[in-house]
Amino acid sequence: MKKEDIKRHLHTYSVYGKRCTTINHAFASAIAPSDDYDEKKINEALEFLGQNPYEDLKCVFCNDEAETWDHLVGLVKNGELRRFGHQIGNLVSCCKKCMNLSYHSRFLNSPK
């Protein structure tokens, strides 16, 4: 996966033509803050995470090949919006295996 793939995550969410989702998720995603694509900021964020922005990205949790982007801090917790969204500092490259693990499990099992 290349860094440019983040473009589809850095925009205002629309429920039209999207996967099946709950109305709560669609609402939270639609009002969550989002960043514009800024290559310089993305390069800086990837380098901070130990990634080379000009190569295929790795999962930040297990170092396998990245397949998608995941929110580091979820949009909602206990029914409350968390004020984090589709932002460069809140999206990390990850594999689908780690994306499906709980937040707590990812950090306990990630390489030190």
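The values are calculated or read from the model by the stated rules, or taken from the named source; none is laboratory data. If you're wondering where the values come from, they're calculated on a predicted model, not measured in any experiment. Note that we place each Cβ from the backbone using ideal geometry, even for glycine, and neighbour counts take in every protein chain shown.
Annotations
- Listed by first and then second residue, the pairs linking a residue in segment 77-94 that is under 16 Å from ASP35 (Cβ atoms) and modelled with pLDDT of 85 or more to a residue that is in a strand (DSSP E or B) and of a type in the set (Val, Ile, Thr), with Cβ atoms under 9 Å apart and 6 or more places separating them unless they lie on different chains, are SER93/THR68.
- Residue in segment 99-110 that is at pLDDT 80 or above and buried (at least 17 other Cβ atoms within 10 Å of the Cβ) present: yes
Quick grid of which residues meet (1) basic (Lys, Arg); (2) at pLDDT 95 or above; (3) surrounded by 12 or more Cβ atoms within 10 Å (Cβ to Cβ):
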site	(1), (2), (3)
ALA28	no, no, yes
ASP36	no, no, no
ILE42	no, no, yes
LEU46	no, no, yes
GLN51	no, no, yes
ASP56	no, yes, yes
ASN63	no, no, yes
TRP69	no, no, yes
GLY74	no, no, yes
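- Segment 76-92, residues that are surrounded by 12 or more Cβ atoms within 10 Å (Cβ to Cβ) and either aromatic (Phe, Trp, Tyr) or more than 12 Å from the chain's Cα centre (by Cα) (or both): VAL76, LEU81, ARG82, PHE84
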